[in-house]
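Each remark here refers to the structure printed beneath this line.
The values are calculated or read from the model by the stated rules, or taken from the named source; none is laboratory data. Note that this is a predicted model, so its numbers are computed, not measured. Cβ coordinates were reconstructed from backbone atoms using ideal geometry, including for glycine residues, and neighbour counts include every protein chain displayed.
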Amino acid sequence: MAFIRKGRRSAAIATIVVLVGAAGAATSVLANGVGKGEGNVGASLKAWGSDADGQLGDGAPVTSESRSPVAVSAITCATSVAVSDLDSFAVLGSGTVEAWGADEDNRSGSFGDEGKYSPYSTTPVTVPGITTAVSVTADTPDVFVLLANGTIVGWGNDERTEFGNGFDASGGSNVPVAIGKGLSGVKALAAEANAATLALLDDGEVDSWEDELASPNETDALGREVFGKESTEQEPRP
């Protein structure tokens, strides 16, 4: 399979990140811009592919790519990992979130740190203000973190009302802010670029939101038929 890397620089292949369990076996494989992975406490990470923005996280000077796996620096207890176009994120057993790759200094604030490490970091750095993370998902350029209390925080540009806070696009935030107006009791979270954000709640209900921009008379990404107008949800709905 061939991957095309999107972003301000182009490369022939994606960045691939693998969670490696304590026994040395791979537990999840992720490509840039494609989903997230979950592992057990004790998982380390290996990566290969594009490294134009330090996406390999190995601390070495940036290169165009690596064709063999390298260890992501200082990650030995990852429980959740998300890989976006230009950066990656890992939740550690301690509840903190680590980030590496491109750290935009604009409203997106890729690491949720106001662009402190702009333009990139080749080693994982800690996202400020998060100590009880359970999982992370990244949908480029927005990043969402599920906390142990069942709420969500995130950062990014909120261009398509991805923050789900009940009003038009906010202009974004480069530090973590509350996501999903009044949403609590979240057990699992999924998000995809230019599609829906989905939250599985304790009672089994699935809430979803985002400006879908679905074409008229089609089914939008929230699974609803749209007749004669674009679809939009600016806050969580069942």
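Only a single item in (1) under 24 Å from Ala82 (Cα atoms); (2) modelled with pLDDT under 70 is not met by Ala178, and it is number (2).
The sole residue among Ala74, Ala43 that is modelled with pLDDT of 90 or more and farther than 19 Å from Val153 by Cβ is Ala74. All of (1) at pLDDT 95 or above; (2) over 30 Å from Gly204 (Cα atoms); (3) of a type in the set (Gly, Ala, Ser) hold for Ala133 with one exception: (2).
Checking the structure you have, find out if any residue of segment 4-13 is modelled with pLDDT of 75 or more and not hydrophobic (A, V, I, L, M, F, W, C). Among the residues of segment 4-13, not one is modelled with pLDDT of 75 or more and not hydrophobic (A, V, I, L, M, F, W, C), which makes the answer no. Scanning segment 147-156 for residues that are within 13 Å of the chain's Cα centre (by Cα) and not aliphatic (A, V, I, L, M) yields Gly154, Trp155, Gly156. All conditions in (1) surrounded by 17 or more Cβ atoms within 10 Å (Cβ to Cβ); (2) modelled with pLDDT of 85 or more; (3) in a loop (DSSP other than H, G, I, E, B) hold for Asn149, with the sole exception of (1).
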